[in-house]
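Asker: Sharing a structure, written as structure tokens. Questions coming.
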Amino acid sequence: NSMTDTHKLNGAELASQLKSSIRFKSSDGVVEPGLRLTDEQISWWQDLKFGLIIHWGLYAMHGRGEWLMHNEKIPPQEYARLAEQFNPRRFDAAEWARIAKDAGMKYSVMVARHHDGFALWDSPSSYLGFDSLRTAAKRDFVKEYAAAFQAAGFHTGLYYSLMDWRFPGYFQPREQPESAAQMKAQCYGQVQELMTRYGKIEILWYDGGWLAHQGTDAGAAWLWEPGKLNQMVRRCQPQIVINERSGWEGDHESDEGP
């Protein structure tokens with residue numbers, strides 16, 4: 001994950017980085033017959049080597065990392081007010097694509113929505129309309145990104161966090177099942193939006209499948225039903241390469257941490 005010199009990992013954020021590299025491997029994930037791509041089908045992905053992951057969102061306004069809302073215990077209602085100030089006029093996806101291409105990069109993955117719940121696209125499925133079209137920016141940044149990087153010849157991907165700190169059901173999924181179900185419904189709706197509105201998406205990079213910052217992504221499969229979720233993804237984008245962080249075994253592993 002992205003960090004600055006002034007941003008230090010702590011608590012659940014550190015655990016998030018450590019869990020995949022120490023305790024969780026894709027072999028722990030749910031196996032869904034016929035869903036995983038073959039080695040031949042993902043050979044193009046394995047050969048790319050060098051790409052760009054764009055970790056950017058509402059939290060960038062403060063420059064203290066993407067875990068700002070959780071680490072600084074900002075209530076959802078207060079955090080939501082940041083969206084009314086978030087208007088990055090100098091955002092230029094075509095310029096980012098040019099820089100990445102000049103550096104020799106061949107693929108890109110942009111964070112479409114991180115754990116704070118703020119969607120960087122026109123998302124009717126977003127709980128309480130928490131997206132970049134319905135707040136100050138009035139822009140669909142995923143649309144701008146996808147168009148620019150596809151036009152520049154990149155294998156274009158999107159990152160999506162299943163979890164959303166705004167839902168009490170994330171922290172207490174069994175005690176607050178209605179809230180957890182709302183979060184799950186948002187997830188399914190938003191993933192479908194991302195897979196159907198922006199042309200050919202070749203990489204889907206899930207994150208945040210674990211519940212209450214505990215256990216593993218695979219251990220939360222009882223809620224997310226990742227086989228069902230990714231069958232939907234395959235219907236929309238049949239050849240897309242999907243990582244393991246939804247709790248399904250995935251087409252590849254995406255470990256992080258030291």
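The values are calculated or read from the model by the stated rules, or taken from the named source; none is laboratory data. It should be emphasised that the depicted structure is a prediction, and the values quoted were computed from it without experimental measurement. Please note: Cβ atoms are built from the backbone with ideal geometry, for glycine as well, and neighbour counts cover all protein chains shown. For the accessible areas, the whole protein counts, side chains as well, though only heavy atoms, and no ligand, DNA or RNA atoms are used. Shrake-Rupley method; radii C 1.70, N 1.55, O 1.52, S 1.80 Å.
Asker: How much length is gained on full extension from Tyr188 to Asn87, taking 0.36 nm per residue of separation minus their Cα-Cα distance?
Answerer: Details: separation 101, 0.36 × 101 = 36.36 nm, distance 2.72 nm.
In short, 33.6 nm is gained.
Asker: A further question on this structure: Apply the Karplus parameterisation 6.51 cos²θ - 1.76 cosθ + 1.60, with θ equal to phi minus 60°, to every residue of region 123-135 and state each ³J(HN,Hα) to the nearest whole Hz, in sequence, with x for glycine and proline.
Answerer: Using θ = phi - 60°, the values come out as 10, x, 7, 5, 4, 6, x, 8, 9, 6, 7, 9, 10 Hz.
Asker: For the chain, what % of the accessible area comes from carbon and sulfur atoms, probe 1.4 Å?
Answerer: Numbers: 5900 of 11420 Å².
Reported share for carbon and sulfur atoms: 52 percent.
Asker: Right, something else. Probe radius 1.4 Å, ligands and nucleic acids left out: which of Leu158, Leu128 has the largest accessible area, and how do the rest follow?
Answerer: Numbers: Leu158 0, Leu128 140 Å².
Result of the area sort, largest leading: Leu128, Leu158.
Asker: May I ask you to list the residues of region 163-180 whose amide nitrogen lies under 16 Å from a point 7 Å from Cα along the Cα→beta-carbon direction of Gln77?
Answerer: Answer for region 163-180: 166-168.
Asker: In addition: Quick check: from the Cα gyration tensor, does region 66-133 come out rounded (a/c under 1.5), prolate or oblate?
Answerer: Numbers: a/c = 2.25, a/b = 1.95, b/c = 1.16.
Prolate.
Asker: Where a ≥ b ≥ c are the square roots of the eigenvalues of the C-alpha gyration tensor, would you call the chain rounded, which needs a/c under 1.5, or, failing that, prolate if a/b is larger than b/c, or oblate?
Answerer: rounded
Asker: If amide H atoms are built 1.01 Å from N in the plane of the peptide, which residues on other chains or at least 5 residues away come under 5 Å of the amide H of Tyr206?
Answerer: Tyr160, Asn243, Arg245
Asker: Asp217's amide H: which non-local residues (gap 5+, or another chain) put their own amide H closer than 5 Å, with H modeled 1.01 Å from N in plane and none for Pro or chain starts?
Answerer: Close amide H contacts, sequence-distant or interchain: Trp210.
Asker: Considering every Cα-Cα pair within region 147-258, what fraction, in whole percent, is farther apart than 19 Å?
Answerer: I get 44 percent for the Cα pairs in region 147-258 exceeding 19 Å.
Asker: List, in order, the whole-Hz ³J(HN,Hα) value for each residue of region 60-72 obtained from phi through the Karplus relation with A = 6.51, B = -1.76, C = 1.60 and θ = phi - 60°; use x for Gly and Pro.
Answerer: 5, 4, 9, x, 10, x, 6, 8, 3, 4, 6, 5, 9
Asker: A follow-up question, please. Collect residues whose amide H, placed 1.01 Å from N in the peptide plane, falls under 5 Å from the amide H of Asp131; neighbours closer than 5 in sequence don't count.
Answerer: Ala119
Asker: Determine ³J(HN,Hα), in whole Hz, for all residues of region 95-105 in sequence, where each value follows from phi through the Karplus function 6.51 cos²θ - 1.76 cosθ + 1.60 and θ = phi - 60°; x replaces Gly and Pro.
Answerer: 5, 4, 5, 5, 4, 5, 5, 4, 7, x, 6
Asker: Of Gln46, Gln176, Gln190, which has the largest mean-square fluctuation in a 10 Å C-alpha GNM of the chain?
Answerer: Gln46
Asker: Which one, Ala97, Leu194, Leu133, projects farthest toward the positive side of the charge dipole computed for the chain from Cβ point charges (K/R +1, D/E -1)?
Answerer: Towards the positive end, the residue furthest out is Leu133.
Asker: Using the Cα centre as the reference, give the magnitude of the dipole from point charges on the C-beta atoms of the chain (Lys, Arg: +1; Asp, Glu: -1; all else neutral), rounded to the nearest 20 debye.
Answerer: On the way: 28 positive and 33 negative charges, 103 e Å.
Here the size comes out at about 500 debye.
Asker: Tell me the mean residue ellipticity at 222 nm calculated for the chain from its helices only (DSSP H runs of n ≥ 4, each -39500 (n - 2.57), averaged over every residue, nearest 500).
Answerer: -9000 deg cm²/dmol
Asker: In the neighborhood of Trp44, defined by Cβ-to-Cβ distances under 12 Å, what is the net charge if each Lys or Arg adds +1 and each Asp or Glu adds -1?
Answerer: Details: positive: Lys49, Lys106; negative: Asp39, Glu40, Asp47, Glu202, Asp251.
Cβ neighbours under 12 Å give a net charge of -3.
Asker: What whole-number distance in Å separates the alpha-carbon centres of region 165-185 and region 199-258?
Answerer: 19 Å
Asker: Can you tell me the FRET efficiency between Glu253 and Trp222 if r is taken as the Cβ-Cβ distance and R0 is 22 Å, rounded to the nearest 0.05? Working shown, then result.
Answerer: Values: r = 22 Å, r/R0 = 0.99.
For R0 = 22 Å, the calculated efficiency reads 0.50.
Asker: A further question on this structure: Extension gain Gln46-Ala60, at 0.36 nm per residue separation less the Cα-Cα distance, in nm?
Answerer: Details: separation 14, 0.36 × 14 = 5.04 nm, distance 3.07 nm.
Gain in length upon complete extension: 2.0 nm.
Asker: I would also like to ask the following. Within 11 Å, Cβ to Cβ, of Gly117, how many net charges do the neighbouring residues add up to if Lys/Arg are +1 and Asp/Glu are -1?
Answerer: -1
Asker: At a threshold of 8 angstrom on Cα-Cα distance, excluding pairs fewer than six apart, so keeping six or more, what relative contact order does region 53-170 reach in percent?
Answerer: Here the relative contact order equals 30 percent.
Asker: Normalised by the residues of the chain, what does the relative contact order come to in percent, with Cα pairs under 8 Å and at least six apart?
Answerer: Relative contact order here is 24 percent.
Asker: On to the next question. Per residue, how large is the accessible surface of the chain? Use a 1.4 angstrom probe and give square angstrom.
Answerer: It amounts to 44 Å² per residue over the chain.
Asker: Excluding Ala221 itself, what net charge comes from residues whose Cβ is under 13 Å from its Cβ, given Lys and Arg +1 and Asp and Glu -1?
Answerer: Working: positive: Lys184, Lys228, Arg245; negative: Asp28, Glu32, Asp217, Glu225, Glu244, Glu249.
Combined, the nearby Lys, Arg, Asp and Glu give -3.
Asker: Given a 10 angstrom Cα cut-off, can you work out which residue in Met110, Met232, Met163 is the most mobile in a GNM of the chain?
Answerer: Met232
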